[in-house]
Amino acid sequence: MTLFKKGVAECVGTMTLVLFGCGVAIATNASTVATSLAFGLSIVAMAYSIGNVSGCHVNPAVSLAMLINKKISFKEFCVYVAGQLVGATLACLLLMLAFGKNCGFGANVVQGTLATYTDSHAVELVIALVSEIVLTFVFVYAICGVTSKKEYSGFAGLVIGGTLTLVHLLGLFLTGTSVNPARSLIPALFALCSGTAAISQVWVFIVGPLVGAVLAALLFRFLEGRKQQSEE
């Protein structure tokens, strides 16, 4: 499979994820169940559509984990991330067409989302960062596990989509749930039209998922290595 086709597949997959995930969030005022299902089902649909082409990462954090675990090369990683960013951009253009330039684009915003727990914005940011690390860790570790053996391939898409739904069910109350830098960065840039604070806080939704992905990949390598040694 050519690298270009993989990049196109990642573009289409990320566009679908952001379009339907963020689109449902906009349309339903971020309904917990509806938004969680929209993101999860988008992954399921794409896993069985483009999974055989690119592996359906549609997320720079997932691609980073696959790079660490030597599932893809650095060159592939760069192409994957480029495709993901382009896909998220196309999705936001479609969201603008459907909902107008002031729709907010489903951008993640920390400020106010944790007001129930703390009145300190600094503490909100710390909680949000830790939340994104933990949520991404769970999501990416599940991906590492279910894609580690060929016999799991038949239901891998369901597991990954289900796990993304799961992390959204909790994460929507904390950060709006990112676990995906492309899903957060591009909507935050488009949300400048709405005058939101998303762009000033987007670092949380880039650093958190990337750190969570690295931790998940390293732990998976460690545990799998120990498992192989015990089997020998």
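Residues of the stretch 170-213 with an amide N closer than 17 Å to a point placed 7 Å from the Cα of residue 123 along the Cα-to-Cβ direction: 174-175. Per-residue ellipticity at 222 nm computed for the chain from its helices equals -25000 deg cm²/dmol, with DSSP H segments shorter than 4 residues left out and the rest contributing -39,500 (n - 2.57).
Computed on the stretch 3-231, with alpha-carbon pairs under 8 angstrom and 6+ residues apart, the relative contact order is 29 percent. Relative to its residue count, the stretch 51-189 spans a Cα convex hull of 125 Å³ per residue. Rounded to the nearest whole Hz, the Karplus-based 3J(HN,Hα) values (6.51 cos²θ - 1.76 cosθ + 1.60, θ = phi - 60°) of the stretch 152-167 follow the sequence 8, 4, x, 10, 4, x, 5, 5, 5, x, x, 5, 5, 4, 4, 5, with x at glycine and proline. Ranked by how many other Cβ atoms sit within 10 Å of their own Cβ, fewest first, the residues 66, 96, 46 fall in the order 96, 66, 46.
A crude spin-label estimate for the pair residue 29 and residue 96, with each label 7 Å from Cα along the Cβ direction, gives 2.7 nm. In loop segments of the stretch 47-77 as defined by DSSP, the trypsin sites (Lys or Arg not before Pro) with at most 15 further C-beta atoms inside 10 Å of their C-beta are 70. Can you pull out the chymotrypsin sites (Phe, Trp or Tyr not before Pro) in the stretch 129-232 that DSSP calls coil and that have at most 16 other Cβ atoms within 10 Å? Answer in residue order: 155, 203. Fewest-first ordering of 8, 58 by other beta carbons within 10 Å of each residue's beta carbon gives 8, 58.
The orientation-averaged shadow of the Cα convex hull for the chain, equal to a quarter of the hull surface, comes to 12.5 nm². Taking only the Cα atoms of the stretch 120-217, the radius of gyration and Dmax are 14.6, 48 Å.
As a proxy for reagent exposure, 134, 123 were ordered by neighbouring Cβ count within 10 angstrom, fewest first; the result is 123, 134. Summary of the geometry: the stretch 171-223 and the stretch 1-59, compared by the centres of their Cα atoms, lie 16 Å apart.
Only the coordinates and a few stated rules stand behind these numbers; no lab work does. Quick caveat: nothing in here was measured; it's all calculated off a predicted structure. Note that we place each Cβ from the backbone using ideal geometry, even for glycine, and neighbour counts take in every protein chain shown.
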